[in-house]
Amino acid sequence: MSTPENKMGRREALKWMAGAGAAGAFAPATLAQKVENAGTPTRSATDPNLVKAVLDWKGVLAESELKILTALCDLILPKDDKSPSASQAGVPAFINEWVSAIYPIQQADKLVVRGGLAWLNTESLRRNGKDFVDLTEAEKTGICDDIAYLPKAKPEFAFGALFFAKVRDLTSTGFYTSEIGMKDIGYIGNVPLPKFDGPSPEVLKHMGLA
Amino acid sequence: MPLITNSKTRTEYDVIVVGSGAAGGMTAYALAQEGVKVLMLEAGRNYDPVTETPMFQLPKDAPLRGAPTPDKPFGFYDATIDGGWQVPGEPYTNAAGGNFMWWRTRMLGGRTNHWGRISLRMGPYDFKPRSRDGLGLDWPMNYEDVAPYYDRVESLIGVYGTNEGLENTPDSSPGVLQPPPKPRGYELLVKKGCSPLKVPVIPAHIAILTRKQDYLTLPGRLHPNNPKAAATLAAEMKKRMACFWATACGRGCSIKANFQSTTVLLPPAIATGNLDIITDAMVREVTIDKSGKATGVHYIDKETRRDRHVKAKIVVLAASGCESARILLNSKSTLFSNGLGNSSGKVGRYLMDTVGAKVIGQIPALENCPPNNDDGASSIHMYTPWWKYKEQAAGKLNFARGYHIEFSGGRRMPAPGIFDGLEAQTGGAYGRKLKEEARRYFGSFITFAGRGEMIPNDDCYCEIDPNVVDQWGIPVLRFHWKWSDQETNQAAHMHKTFAEIIESMGGKTTSPVETDGRKAIYRPGEIIHEVGTTCIGADPKTSVLNQWSQSWDVKNLFVTDGGPFVSNADKNPTLSIMALAWRSADHIMASMKKGDL
Ligand SMILES: Cc1cc2nc3c(=O)[nH]c(=O)nc-3n(C[C@H](O)[C@H](O)[C@H](O)COP(=O)(O)OP(=O)(O)OC[C@H]3O[C@@H](n4cnc5c(N)ncnc54)[C@H](O)[C@@H]3O)c2cc1C
Ligand code: SF4
């Protein structure tokens, strides 16, 4: 495990990186230097600015869909002692971004998610005479338990289970790739270190290697 | 015409180098350092890793959290520009039944900006495979001929690893390798699981600096009779930092700790003043004079879309194996109606990739692990070299060549899809339970990936597709492919072995284990070890190039990328490409001195 003493800290690392860049500036010619047609590259989807990314598409989900989605995401990853809920980590907005992308995988997911949200609300009206967002926790769980795991779902819930699995996967992606989620599962990397120590004695013991 | 060096282009050069990746970068470095005037033509745009690398950027800062898309197939942050499985406006085709995938990029430095940095030497067996088992082709030279160049390349670029004295897994000379990083926890666990199976697990060889290079002595050793070259190299080597054990190498490295042509080879080559580079220059044809000697190349200036011609005494193609074959096949003339340097009819033939197969395992001993930092050097710290030479020699296996194993796992930066499919482990958990399961399972999966030798065969080749041109008007390649039983049997063996290792570790496989190798094997081209297509050999009738990667037909024409390979050992090819390129460059300069070229 990395201890505070051997952490370099981001600021120092950035200084270090800047140093590497500045050193280049004194060379007679650097790779950044173009004599003719100098300037920034023309940006395109296959050559985006990686250092400062821009998101240039709009979400397609309607307000009403986002409400159902938010309720569902928070049922999938609710707040607990260790971390906030999915919606507090921005998951519904992420899923909206995801299903609004033009690529084939995301387009296919859009159909599953949109169709699923409509299906879920219809199912809750059928069972409880209420919109999904107005259900009690127990009523929501009642539906979700039926669709939580495809191999155990009844045939009539096959699509519901596929939809639930998709939203669970997307919710996990949205949550655990956020800083809140990374902290929750104990991802402690992405910090520069002066040396790599390998696993701590505690970790070795846990793995049965000590 | 973007030109990235200070001088205006000269009217004539000693050498034109086509391509700026591992092969072009290495060739240009070796030549420019010795005073040869070089013009490099690169189809992609200028690219500067120091300013363009997203070092610490998080998934949340990228569209779709950085997930792969058709525009960025290895993820948003991957250092691939205008490329991947498709390059916009530059198609390729497959003949019926073929499904070759051709990975390319269009940027200065080529694929060295995003490659895996695994740098294994080919061994003595790998140069003489036909003599050993009667299959495939022998190289016209021995390991001993190339060994000094392996030492030089490893010293120049910086490769970590150890010398283990294992069969056909060569040691480097003393003082050449950088010390390997400590193994990660899961890598130690793999080693323990492999030990009862007698599967070795040793430090991998990776082109990453684990400590700052010795810029005071290395340059003098690399350029013993050329103090100016040594000083030029020292100044650039000094700017490279040691790895700081964070960030993904596939994004590139702004502190120059890993090997990229753009951080390691091109800066000193440019600093000599002997190298000019024109980017956005798509070469389409090598020109010749009446005597059949190469005179220069035609290229399309991508900004004006106009054809241009540049001249040199010598032409070196280093555009990646298939692309160099494409240029030769497109260089037709009355003297060479079959394409240039193709009197043997072998240009495009013996295309090879690496055999790939993987199995994923879930390991209970890794569940609920206390947080620890597994980032390390981004790449693997440990691997398994091929260990069954004896069984193979005794005829106990149904495939003739070896594979190595790469294992990836650990508590690495979460990426899209991180817990896809976890319901198989949790029975569909959601709610608070899912949060607990995520904490439990994070970092408990290990992917075992096999990388094995393919034997060249007559069914795998590329040729010009007469019906299709790219957006620059250049006829494109059409691929033909058929695996032989050698490869599919090997892939099945990989699956069986990986399942045994996972079981020995007390884990469970979570991806299919196939007994049919045709189901286990990756698609052709997918491992991106594109070699062959301009084979070297001892006989001009059956090969395109001699042992110096020099055309038999056109003596001032060379190919220094993966094209010359006549076997594709399980040792990833790039280190060998660079060793052979340096060796060719030395031959070019010796011939120039003698007045032969
Ligand atoms: C994701 C990934 C991981 C990899 N991992 C490893 C690894 O771990 N170990 C290993 O050994 N290898 C690895 N490889 C393979 C490695 O990248 C290649 O073997 C190596 O880059 C080949 O060098 P090259 O110079 O032949 O080609 P490249 O590096 O691709 O350079 C060729 C250059 O030529 C340019 N070019 C092409 N056509 C033309 C033209 N007509 N005119 C002008 N310029 C042209 C291209 O734009 C490109 O810049 C990996 C590759 C990928 C993509
Ligand atoms: S892991 Fe090390 S070598 Fe790789 S990009 Fe990060 S600092 Fe550079």
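Computed values, structure above
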| read-out | value |
| --- | --- |
| Residue match in the stretch B:67-90 (condition: away from ligand 1 (no atom under 16 Å from the Cβ), modelled with pLDDT of 95 or more and of a type in the set (Lys, Arg)) | no |
| Residue match in the stretch B:491-506 (condition: assigned to a loop (DSSP other than H, G, I, E, B) and away from ligand 1 (no atom under 16 Å from the Cβ)) | yes |
| Matching residues, the stretch B:75-97, being buried (at least 18 other Cβ atoms within 10 Å of the Cβ) and either out of contact with any strand residue (DSSP E or B) (no Cβ under 6 Å at 6 or more places or on another chain) or more than 8 Å from every other protein chain (Cβ to nearest Cβ) (or both) | B:Gly75, B:Phe76, B:Tyr77, B:Asp78, B:Ala79, B:Thr80, B:Gly84, B:Gln86, B:Val87, B:Glu90, B:Tyr92, B:Asn94 |
| Residues within the stretch A:148-169 that are at the interface with chain B (Cβ under 9 Å from one of its Cβ atoms) and not acidic (Asp, Glu), tallied | 10 |
| B:Ala28, sole failed condition from (1) within 14 Å of ligand 1 (Cβ to nearest atom); (2) within 21 Å of B:Arg583 (Cβ to Cβ); (3) not in a helix (DSSP H, G or I) | (3) |
| Identity of the residue in the stretch B:358-367, more than 14 Å from chain A (Cβ to nearest Cβ) and either within 16 Å of ligand 1 (Cβ to nearest atom) or surrounded by 23 or more Cβ atoms within 10 Å (Cβ to Cβ) (or both), that ends up farthest from B:Tyr522 (Cα to Cα) | B:Gly361 |
| Elements of type strands (runs of 3 or more DSSP E) in the stretch B:368-486, at least 3 residues being surrounded by fewer than 21 Cβ atoms within 10 Å (Cβ to Cβ) | B:461-469, B:475-480 |
| The one condition in (1) within 16 Å of ligand 1 (Cβ to nearest atom); (2) of a type in the set (S, T, N, Q); (3) within 14 Å of chain A (Cβ to nearest Cβ) that B:Ser320 fails to fulfil | (3) |
| Helices (runs of 4 or more DSSP H) wholly inside the stretch B:143-258 containing at least 1 residues that are more than 11 Å from chain A (Cβ to nearest Cβ) and in contact with a Leu (Cβ under 6 Å, 6 or more places away or on another chain) | B:143-157, B:218-222 |
| Residue match in the stretch B:33-50 (condition: more than 30 Å from B:Ala229 (Cα to Cα), within 13 Å of ligand 1 (Cβ to nearest atom) and in contact with a Pro (Cβ under 6 Å, 6 or more places away or on another chain)) | no |
| Pair list, Cβ under 8 Å, 6 or more apart: the stretch A:47-61 residue farther than 18 Å from A:Val91 by Cα, other residue surrounded by 13 or more Cβ atoms within 10 Å (Cβ to Cβ) and among the hydroxyl-bearing types (Ser, Thr, Tyr) | A:Leu50/B:Thr53; A:Leu50/B:Tyr77; A:Val51/B:Thr51; A:Val51/B:Thr53 |
| Residues located in the stretch B:37-47, provided they are assigned to a loop (DSSP other than H, G, I, E, B) and crowded, with 22+ Cβ neighbours inside 10 Å | B:Glu42, B:Ala43, B:Gly44, B:Asn46, B:Tyr47 |
| Pairs with Cβ under 7 Å, 6+ apart, first in the stretch B:135-147 and within 18 Å of B:Ser119 (Cα to Cα), second buried (at least 17 other Cβ atoms within 10 Å of the Cβ) and of a type in the set (D, E, K, R) | B:Val146/B:Arg583 |
| Criterion: farther than 30 Å from B:Arg211 by Cα, at the interface with chain B (Cβ under 10 Å from one of its Cβ atoms) and not in a helix (DSSP H, G or I) - qualifying residue of A:Gly181, A:Gly189, A:Gly174, A:Gly208 | A:Gly208 |
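The values are calculated or read from the model by the stated rules, or taken from the named source; none is laboratory data. Predicted, not measured: the structure shown is a model, and the values here were computed from it. Cβ coordinates were reconstructed from backbone atoms using ideal geometry, including for glycine residues, and neighbour counts include every protein chain displayed.
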